[in-house]
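**Student:** Let me give you the structure first, and then I'll get to my questions.
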Amino acid sequence: MTMAGPWRVRILRPDDPTWQALVAAGLITADGAHGALLDACEEDVGAVMRACGFLPWPTWRDGNGDLGAFCPCPQCGTPGSVYLTGPHQWTWNGSYDRPTLRPSILSTQGHGGCGGHYHLTDGPLTDCGGHVGRR
């Protein structure tokens, strides 16, 4: 079950109290493995948003040290990710609490997503209305 948008997003880092709460709930591991959180989002993304009060995007680092964020789709919960730093990065305003990313974010149907298309501006994630389908 999903919640009506716009959806408030927070990008989480390991020192964030919500990160610690997600570790305590078994949704992520202390080293940042997010499999259980992404599984929970795919099962019921609305429940995760209600529990956190927002849509959590935990961060990760790749082998080159570039920072990324896992970004589950607010409609279908399909996992996605964006780079915040490095050569393939989205344009990011640097805020964890009120993030803005450009370009837009697409929940790609080819990867099991619903085709949702979103803009993240100053914290709220808004639906562009470009859904091609929903699961």
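Coordinate-derived values only; no laboratory data. This structure is a prediction, so every number in the text was calculated from the model and none was measured. No Cβ is skipped: glycine too gets one built from the backbone with ideal geometry, and neighbour counts run over all protein chains shown.
**Student:** Using Cα extents along the principal axes in Å as the read-out, say which of (i) 131, 34, 17; (ii) 36, 33, 26; (iii) 44, 30, 25 was calculated from these coordinates.
**Tutor:** Here the calculated entry is (ii).
**Student:** Which value, in debye to the nearest 20, describes the size of the charge dipole of the chain about its Cα centre when Lys and Arg Cβ atoms bear +1, Asp and Glu Cβ atoms bear -1, and nothing else is charged?
**Tutor:** In total the dipole reaches around 320 debye.
**Student:** Using just the helices of the chain, give the 222 nm mean residue ellipticity in deg cm²/dmol: DSSP H runs with n ≥ 4 each add -39,500 (n - 2.57), and the total is spread over all residues, rounded to 500.
**Tutor:** Value at 222 nm, helices only: -6000 deg cm²/dmol.
**Student:** Please report the net charge: other residues with Cβ closer than 11 Å to the Cβ of Asp122, K and R +1, D and E -1.
**Tutor:** Charge balance near Asp122 sits at +1.
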